[in-house]
1. From the alpha carbon gyration tensor of segment 21-86, can you work out the equivalent ellipsoid semi-axes (sqrt of 5 times each eigenvalue) and give them in Å, largest to smallest?
2. Rolling a 1.4 angstrom probe over the protein chains, ignoring ligands and nucleic acids, what is the accessible area of Lys125 in square angstrom, nearest 10?
3. Would you list, by chain and number, the lysines whose Cα falls below 23 Å from the Cα of Lys46, excluding same-chain residues fewer than 8 positions away?
4. Suppose accessible area is computed on protein heavy atoms with a 1.4 Å probe; arrange His30, His60 from highest to lowest.
5. Once segment 1-46 is represented by equal point scatterers at the alpha-carbon sites, with solvent omitted, what log10 I(q)/I(0) does the Debye formula produce at q = 0.18, 0.20, 0.33 Å⁻¹?
6. So for the chain, taking the charge dipole from beta-carbon charges (+1 Lys/Arg, -1 Asp/Glu), which of Ala4, Val88, Asn138 sits furthest toward the positive end?
7. Magnitude of the Cβ-charge dipole of the chain, K/R +1 and D/E -1, about the Cα centre, nearest 20 debye?
8. Please list the equivalent ellipsoid semi-axes of segment 61-108, computed as the square roots of five times the alpha-carbon gyration tensor eigenvalues, in descending order and whole angstrom.
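The values are calculated or read from the model by the stated rules, or taken from the named source; none is laboratory data. Here the structure is a predicted model, which means the values were calculated and not measured. We place every Cβ from the backbone using ideal geometry, glycine too, and count neighbours over all the protein chains shown. Heavy atoms of the whole protein, side chains included, go into the accessibility calculation; ligands, DNA and RNA do not. Shrake-Rupley method; radii C 1.70, N 1.55, O 1.52, S 1.80 Å.
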Amino acid sequence: MNQALNRLLQENKTAFYVFDIAKLKARIAHLQAALPPEVVLCYAVKANTFITKELIDTIHRFEVCSPGEAEICRAVGVPSENMVISGVYKTPAFIESLAANPEFRGVFTAESESQFALLSRLAEKYDRVLPVLPRVTN
């Protein structure tokens, strides 16, 4: 067993996570190299919020599905233009809080016609262009 891991096991008597960020970044680079250059990767922050900061220089986009995830991204320095505000549970108040902020430059997904209509109204209300990715399902 690796000495660093053995030390962690000795020092920590409760459950904990260990991440090998170098291996993660190498795997991301391998995946990105296998994709066409115009394809960028998007990390779902909810998958593991603990590593968001370490991925800022590696991942192009971060999927944010809640105010808590947005706060984590803001706190660790994820540029808003790299955020994709997604998910069916984003509330109108959360959407409006971002749309009202002139510094916010993220992309929104529209999960329904009503979310698209809300985004359209907010763009008009705040005199902004709000980038929207329509989510299309069968």
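1. Equivalent-ellipsoid dimensions as semi-axes: 20, 13, 9 Å.
2. Accessible area, nearest 10 Å²: 130 Å².
3. Answer for Lys46, where 23 Å is the Cα cut-off: Lys23, Lys25, Lys90, listed by chain and number.
4. Largest accessible area first, the list is His30, His60.
5. -0.72, -0.78, -1.19
6. Sorting the options by dipole projection puts first Ala4.
7. Charge dipole, the chain, about its Cα centre: 340 debye, nearest 20.
8. 15, 12, 10
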